[in-house]
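Any read-out appearing in this document is the output of simple, stated calculations on the displayed coordinates, not a laboratory observation. All values derive from a computational prediction rather than experimental measurement. No Cβ is skipped: glycine too gets one built from the backbone with ideal geometry, and neighbour counts run over all protein chains shown.
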Amino acid sequence: MALDGITVSCLVHEWQEKLVGGRITKIAQPESDALLLTIKNYDTYRLHLSASASLPLACLLTENRQSPLTAPNFCMLLRKHLSSARILQIEQPDLERIIRIKIEHLDEMGDTRIKYLIVELMGKHSNIIFCDEDDTIIDSIKRVSQMVSSVREVLPGRPYFIPKTADKYSLLTDPTETLLAAIRGQSGDLLRAVYATVTGLSPVISNELLHRAGLDTVNDVQEADDASFARLGDALSWLCTAVTNGKFIPTCILEEETPVEYAAVPLTVYTDFPNYSGRSFDSLSDLLLYYYETKEPNTRIRQKSSELRRTVQTAIERVAKKLDLQKKQFADTEKKDKFRIYGELLTTYGYSAVSGSKSFTCTNYYDNSEITIPLDETLSVMDNAKRYYERYSKLKRTGEALAGHIEESRAELAHLETVRESLEFATEESDLADIRRELTDCGYLRFRRDRGDKRAAKKPASRPYHYRTPEGYDIYVGRNNYQNEELTHHFANGGDWWFHAKGIPGSHVVLRTNGTSEVPDELFELAGSLAAFYSAGRAQQKVEVDYLLKKNVKKPAGAKPGFVVYYTNYSLVAAPAEHPELLIKD
């Protein structure tokens, strides 16, 4: 679930106890849309604030995060104003998904100044905004112009305000009777009527309120009687009291050992299901870290890779469109020989043509057929012949150029498809770092790589999969193009066996022979099944896999990362299989 107003209220309550009065000792921006503040207040806390469109998050971390060597502009701005600043207050306006941090610092003249760091956790509209004491925006981690949003500009110099939520009521300030009357005034689905009426309520919390009122089986607002609405009023009063007094019990719901839901209050709606159990946490930050690190890590990585996926897909569509256009233009050049023949025949038989004619008919000495050649009556026969020769030469040059461009486009498209395939197998942030760097190096992203040792930057940040067979042999699988490059050309020995799915994007697989000339046949089948699984053909029942000694695998000069050629190879047909029982965690 996303962070709702109740969850944000719990976070604010926890931060008020731990962070208020503390000083900001370090400011980092580990990602383009995330901040990491180190705060000392008796203990040292790391406050993680993310305005990611796919995974907005705010919590206290137990471990540090790696930051870029060159700090982004927004990070430098915060360092200028907030280094050694003191946190005075942390609040939440009503139950909005907004956290407002009041900070005191000294300006260049040594005078005390007030600034506000405002965190908006609103899905794709999430943002981190830095304002002065008059609520004038100094800057934000995401700038929003009027071209993007007609409701509110988030730009330096603009006034900051919270857009009003239409037709919603406050759980904290509006009487319970007013809330019930507003819910009764809705039509249709009862669950939607609750969270669409009261600010800060998500479908999960609304479902919990209905369960406590015995209304979780009621679908329509008009089906609920007065007694049911009275119980719903009691549930709303309970929630209001819990939020007002800070009586939160962060709870994660588990299905067997897998997290399925979380909330800042106990979720009794799951008590009727035997397969579900609840686990309480001392703090909501601990719960959030547990939930997002345990619950479907691949889904979490997929959310973080959404920007890369869009970039790759857009590039694939662009290159595919360009390739189709090039093919059509190349097809047009195939008629060049017709113009050459026209020119030759006019040069040979043109003496018999009548001046000013619109066409000339003669015998084509290539196939002895009769042919009619269109003429420009304003030109002489020889000038017409010259024009046809020029058209032939132009189409010939165009065809030769297009042939090279088509090969380049095909190679670029094949490379992008391998990158898209690498994203499917990304399981760690280091995998995404490799792919992002590859896209940057190839010109698809405009982000600049951090300065440093160029030779070290060439090496992948993540490691290939490592499998060990019962016979003691090691098999390695590249997870992206940089890993494939490192694995094939720097790690594998000439006597190792190299595998790759035939004719489709996939990983490089290396079977280490350890100098042994005789390798059991079943290991070739095992390595082949891994090459089939880590390829675009993993959904097929059978995949053809090429394999050969690594010493016969070559990389052309100037080729993209992971691109190789080979001319002599063996082939086998393998069923795609992951073999997790053989995977070694290096």
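Worth pointing out:
- Over segment 109-232, the ratio between the Cα radius of gyration and 2.2 N^0.38 Å evaluates to 1.43.
- Mean separation of Cα pairs under 8 Å and 6 or more residues apart, divided by the residue count, gives segment 176-300 a relative contact order of 20 percent.
- Stokes-Einstein translational diffusion, segment 365-415 - Kirkwood Rh over all Cα pairs, 0.890 mPa s, 25 °C, in µm²/s: 175
- Our Cα-only numbers for segment 176-300 put the radius of gyration and Dmax at 15.5, 46 Å.
- D (Stokes-Einstein, µm²/s), Kirkwood Cα radius, segment 86-125, 1.002 mPa s at 20 °C: 188
- Rounded Å value of the spacing that divides the Cα centres of segment 196-268 and segment 18-81: 33
- Under a 5 Å amide H cut-off, with hydrogens placed 1.01 Å from N, residue 373 pairs with 360, 361, 362 among residues at least 5 apart or on other chains.
- Direction-averaged projected area, Cα convex hull, segment 474-516: 3.0 nm², rounded to one decimal.
- The convex hull built on the alpha-carbon positions of the chain has an orientation-averaged projected area of 42.6 nm².
- Here is the list for segment 34-136: GluC sites (Glu not before Pro) lying in DSSP coil, each with at most 13 other C-beta atoms within 10 angstrom of its C-beta, are 63, 108, 133.
- The chain: angle of helix 226-245 to the longest principal axis, Cα-based, in degrees nearest 10: 90
- Size estimate for segment 161-249 follows the Kirkwood approach: the inverse of mean 1/r over distinct Cα pairs works out to 13.1 Å.
- Principal axis dimensions, largest first and in whole angstrom, of segment 463-584 by Cα: 39, 34, 28
- Principal axis analysis of the Cα atoms in segment 510-549 yields extents of 34, 15, 12 Å, listed in decreasing size.
- Loop-located trypsin sites (Lys or Arg not before Pro) in segment 312-372, at most 16 other Cβ atoms within 10 Å (DSSP): 358
- With at most 10 neighbouring Cβ atoms within 10 Å, loop chymotrypsin sites (Phe, Trp or Tyr not before Pro) (DSSP) excluded, longest segment of the chain: 162-566
- Largest-first principal axis extents, alpha carbons of segment 32-87, Å: 34, 24, 20
- Stokes-Einstein diffusion coefficient of segment 245-329, Kirkwood radius over Cα pairs, 10 °C, 1.306 mPa s, in µm²/s: 99
- Computed over the chain: relative contact order in percent, which uses C-alpha pairs under 8 Å that are six or more apart: 8
- Cut-off under 5 Å, modelled amide H: who pairs with residue 465 long-range: 477, 479
- Reachable lysines, given that their alpha-carbon falls under 19 Å from the alpha-carbon of residue 26 and they are not under 8 places away in the same chain: 18, 40, 80, 102, 115
- Cα pair distances of segment 5-140 binned at 10 Å [whole percent]: 13, 46, 37, 5, 0
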